[in-house]
1. Using a 10 Å cut-off on Cβ atoms, rank the peptides 40-46, 422-428 from the highest mean neighbour count down.
2. Within the range 361-447, report the GluC sites (Glu not before Pro) that DSSP leaves as loop and that have at most 12 other Cβ atoms within 10 Å.
3. Note down the relative contact order for the range 8-129 as a percent, whole number, built from C-alpha pairs under 8 angstrom at least six residues apart.
4. Once label points are set 7 Å from the Cα along Cα→Cβ at both ASP40 and THR512, what is their separation, rounded to one decimal in nm?
5. List the GluC sites (Glu not before Pro) in the range 8-85 that DSSP assigns to loop (not H, G, I, E or B) and whose Cβ has at most 13 other Cβ atoms within 10 Å. Which are they?
6. Could you work out how much longer the chain between ARG498 and GLU66 gets when fully extended? Use 0.36 nm per residue separation minus the Cα distance between them, nm to one decimal.
7. Calculate the length of the line joining the C-alpha centroid of the range 43-66 to that of the range 397-427, in whole Å.
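Nothing in this text is a laboratory measurement; each read-out follows from the coordinates by a stated rule. On a predicted model such as this, the values are computed, not experimentally measured, just so you know. Glycine gets a Cβ as well: all are built from the backbone with ideal geometry, and neighbour counts include every protein chain shown.
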Amino acid sequence: AGLVVTSCEQVQLQQCEFSEVHSGTAAPILVADSLLVSVDRLSVRNCSAASVGALLSLHSQLSASELTLRDNRASGPSGALSIQGGTLLLVDSLLSGNRAYEFGGALSLSDGAKAQLSRVQLLDNRVLSPQGQVSVPNPADPAADPLLFDSTRGGAVSLLGEGSSLQLHDCLLSGNYALYGAGLYVGVNTQLNASQTTVRQNLATRGSALYLDRDSDTSFPNGNLIDGTIYCVPTPRTLVFGFNVCNGGSCSCSNTGSPSPTPSPPSPPPSPPSPPSPPPSPPPANQCLPPMHLCSNGSCVSSPIACQDTVIIIVGQDDSGSDNHTCTGQGQFPGGTVSTCNFPPDTVLLVSPPNPSVDYGETASQVVQITPSQQPDGPVDLTFVVEELDGNLDQYCLAFFREDTLRWECVDECLRQSTDGNLTLVTGTTDHFSTFAVLLGGGGCSPVAFGVWLASLVCVAAALVLVLAAILLIRYNRRVRDLFGGSEETRVRNLRRRMAEVNSATQTSATTLEMTALSSASGGGAGTAGSGMSSTTSSMLTHSKPHHQSAAADSSALLTDTASDYGGEDSQGEDDDDMV
């Protein structure tokens, strides 16, 4: 009834408007098996069809900007836009007031379709069901008339079909209605990633914001906002939420129920559920939030403490460096990066600020706490932004904080420095994870510094050997002693020899005289003769005493002269006395 584009290489639609176009079969606009379809400022309003109320893309590459799909209806799935296979790039667009049956009030993705939405608003879309409606009390005003819901899925977006994926950036999903997943329904083996996206004021019996089916991958890191409940079917393969995403608090699954129904419309619940509880109040500033349990393909991590500004990093297959890939992957956090090399695929890295109740002291970089779901198979690089290095890089080290001793301990002293614009980056390596920072106090490992240290050590050792050799030569070698002592040393040595000779001669003379006297006394005769001999002996001894005294005086004079000649000035008197 409207426009059919099939098997084209390139199509452009600009400033077109479709209104009040009604088709008994397919959508008013059908694009099939086309390579590149570009849509700019297209408006489709108040149209209807048996399937897909506005635009259907089959295995094509569709790119659209400033697309407006309003108040369209389908008697089957997809009230406005359906992407079955192929790709979709949608920016600066509005999907509002559309109605469908079964699933996909505004948008449905299936058959492995890949879609990226940026700055798109999905408002007041609703899914109806031929199986009737369910009455639910109005949470805003319990006394008012109850709200009526249909047994349906995906009031704004339905993500179905194995391999289908959706990326949301700076989008708004608000005022949408469905029984399961009023904001988004994430089906089996599908993937959803969001950034800077708000999901609020949607209404459903299970999962007013999100309904997450089994084996699905969902990521809502910090920067997104979810105001509503999240319903999880066991077990999502990857479930990642930032710590201040759910209305300023941590996210959790409101229920864990049985697997979702098959693609046929689900049966209504037997009784209306109780009204949803009011959203939690936001946490006070600078207060840490409850810990989060994060999983990726069976690999889970729980942080004992986690604060705002936490970053979640999931390691991919190429990041791990396996399958002969050269690993260049890295995850970025405020104030640095962490290499994802050597981590097994699907590892979850939780990078968060440290415990605010602990005093970490002064550090050269910010302090971060890194918690992995799996340990790395090898060393991992950590890079920090450092405002200013006080001196040489060898004075710093990559350190981790020991919780048992409450002290820092260097893990890598061989840091590497680089720059990124005006930023100074310092990189270190670790093989385990804890609380890390760059710290002043490393021993350094610079080859130049080590060479200088080694050369200094060799010089000191050589000097000690030379001094010891010189002492030994002077002590035990006469020629060397004469060389250092000169003629004075030789004269002192000669004087000592002369003194020894005089003392020896004196002792010999005294001994001879005593022996002669004793011999004469023992050989004497009668009294007169004995008296005469005694007189002679006494005379000899008397004459010998002056000789002894003279020899001693000569010896004393010789010592005094020697000491005086050796000592020199009066200032050396104590040395002279020692010599004497």
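1. The densest-packed peptide leads the list: 40-46, 422-428.
2. Sites meeting the loop and neighbour criteria: GLU362, GLU387, GLU388, GLU403.
3. Dividing the mean separation by the residue count of the range 8-129 yields 20 percent.
4. Those two pseudo-labels are separated by 14.1 nm.
5. GLU9, GLU20
6. Taking ARG498 through GLU66 to full extension adds about 143.1 nm, to one decimal.
7. Comparing the Cα centres of the range 43-66 and the range 397-427, I get a distance of 54 Å.
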